[in-house]
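To start, the structure under review is shown below, and the notes come after it.
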Amino acid sequence: MKLSLSLAAIAALLPQALGISRWDTCGGGGVTTGKCDDGLVCVELSEYYYQCLKLAPPYSPTSTSTSTSTRTTSTTFVVVYEHPELEQLYLDFSINFYKHLDDDYVQYKFFDVRNIDICLPRCQEVQVLRSSAEFGSAIPGTLNKDYTWPSPSSVDYFLGKGMNFFRIPFMMERMSPPATGLTGPFDSAYLSGLKTIVNYITSKGGYAALDPHNYARYNGSVITDVSLFKTWWKNMATEFLTNDHVIFDLNNEPWGIPATDAAALMQAGLDGVRAAGATQSVFVQGTSWTGAWSWESSGNGDAFKTISDPLNNVVIEMHQYLDTDGSGTNSTCVSPTVGAERLQVATNWLKANNKKGFIGELGAGSNNDCISAIRGALCLMQTSDVWIGFAWWAAGPWWGNYYQSIEPPSGPAIARILPEALLPFA
Ligand SMILES: *[C@@H]1O[C@H](CO)[C@@H](O)[C@H](O)[C@H]1NC(C)=O
Ligand SMILES: *[C@@H]1O[C@H](CO)[C@@H](O)[C@H](O)[C@H]1NC(C)=O
């Protein structure tokens, strides 16, 4: 989704600056590398990646005076900077933080392992597949402070409702510390945390998708050396060779790169998984945040025609939100029919190209229009024969009052979305 809850931090305000364009990087690793264009501020989205963004009132860059802020306080969730307006911003952290960005979302997002998403089994054939922690920005970060893993009791809750798929986002920089890079050893504690929750899910019959939630980026840069990515996946798949309920979800939401680059990266990751001898399903994602509605217009349609798996066990993962800009940040849906409408192009593409698809993130608000729209999308999927399932965004212990959260006991989407839109398909 086009939203990074919590740990993003404002690095420096660069008033009246001219230079770096919106959404381009302005630094990382504690330094700013240039000034953002007039009207933009340099926002630290991870320790290693700052980006020029526009803030909406009252957080206007011209109303602030200093260009270098000092980290003064660490709280549980956020790094607080000295500037009072920024502190206020952090007090409003999570969803509210992004309401202060002019268009409700940023184009670079780090998520964390505290999210799990749920798939409902009946819109799919998960059997077909068998033929064959990213919140926060601190790296490595501290367990239960900067990030956490999904809770077993929540897993039980969803399994008990007939949901059988859990997507486990985690951060590659924590798994593979930048000091030793993508081909270095995995962090043993972080890997162990991942394995614990994955094994919990699969031992109870669920499917667990490993989701390096990295937007085709690592350590602040787009991953351009696909051979490193191939090795990374070969090493990761080796850790899960014997668990047939594991799914390898190669990378979350590439953006800002050509569709052909996203496809090449995914092909390399897929090749790495197979080179390890792993036979489980592999999910691949396209550029433009792997949006279903833009699958053709983004170039993904052409670029992913040739993705190839010797085991024929690759699934095209797409994401879809039903608010105006498709970002999953506004609980108003475009219309009661927008769900099926937004999936139509992708459904046609999957049919025409003999591919299987999976909606890895679906989300909308708890209101009549959205519930109709979700049901319409799921009905289209069920009757199309090309979609094997979907996952709702989001669940996980740290989502707070995010309107799409179905985390028990009181996620805001539990009261209506779960019984009215999701469980009928479970
Ligand atoms: C990660 O980024 C830091 C800061 O730019 C750099 O010093 C380091 O070499 C990078 N590490 C890798 C493995 O790319
Ligand atoms: C959400 O979207 C609706 C419809 O596009 C719009 O009227 C409303 O202002 C938006 N809400 C926010 C908080 O942006």
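Computed from the coordinates by the stated procedures, all read-outs in this text should not be read as laboratory data. What you see is a predicted model, and the numbers here were worked out from it, not measured in a lab. Cβ coordinates were reconstructed from backbone atoms using ideal geometry, including for glycine residues, and neighbour counts include every protein chain displayed.
Structure summary
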| item | result |
| --- | --- |
| Karplus (6.51, -1.76, 1.60) ³J(HN,Hα), θ = phi - 60°, over the range 345-359, in Hz, Gly and Pro reported as x | 4, 5, 4, 4, 5, 4, 5, 5, 10, 6, 10, 9, x, 8, 8 |
| Ser308 paired with Thr238, simple spin-label distance in nm, labels 7 Å along Cα-to-beta-carbon | 2.6 nm |
| Amide H within-cut-off set for Gly27, under 5 Å, with H built and near neighbours excluded | Thr33, Tyr50 |
| Environment charge at Glu420 (Cβ cut-off 14 Å; Lys +1, Arg +1, Asp -1, Glu -1) | +2 |
| Total formal charge among the other residues, if their Cβ is under 15 angstrom from that of Val273, Lys/Arg +1 and Asp/Glu -1 | -4 |
| The range 409-418 - phi-based ³J(HN,Hα) in whole Hz, Karplus 6.51/-1.76/1.60, Gly and Pro as x | x, 9, x, x, 8, 6, 5, 10, 4, 4 |
| Residues with amide H under 5 Å from that of Phe165, placed H, sequence gap 5 or more | Cys119, Tyr207 |
| Dipole of the range 116-425 [Lys/Arg +1, Asp/Glu -1 at C-beta], most positive-end residue of Asn219, Ala209, Gly256 | Ala209 |
| Karplus-derived HN-Hα couplings along the range 290-299 (A = 6.51, B = -1.76, C = 1.60, θ = phi - 60°), whole Hz, x at Gly and Pro | 6, x, 5, 5, 10, 4, 7, 5, 7, x |
| By average C-beta atoms within 10 angstrom, highest first, the peptides 226-239, 364-377 | 364-377, 226-239 |
| Sequence-distant residues sharing a close amide H with Tyr218 (under 5 Å, placed H) | Ile223 |
| Where only C-alpha atoms are counted, convex hull volume of the range 242-281 per residue in Å³ | 59 Å³ |
| Cα gyration tensor shape of the range 324-426, rounded if a/c is under 1.5, else prolate or oblate by comparing a/b with b/c | prolate |
| Highest average packing first - 204-215, 304-315, Cβ atoms within 10 Å | 204-215, 304-315 |
| The range 343-361 versus the range 183-227: alpha-carbon centroid distance in Å | 25 Å |
| Exceeding the 18 Å Cα-Cα cut-off - candidates Lys161/Lys204; Lys195/Lys234; Lys305/Lys356 | none |
| Residue (of Gly339, Asn312, Trp392) at the positive-pole extreme of the range 277-396, dipole from beta-carbon charges | Asn312 |
| Length-normalised contact order of the range 272-408 in % [C-alpha pairs under 8 Å, at least 6 apart] | 22 percent |
| Simple Cβ-charge dipole of the range 172-319, Lys/Arg +1 and Asp/Glu -1, about Cα centre, in debye nearest 20 | 280 debye |
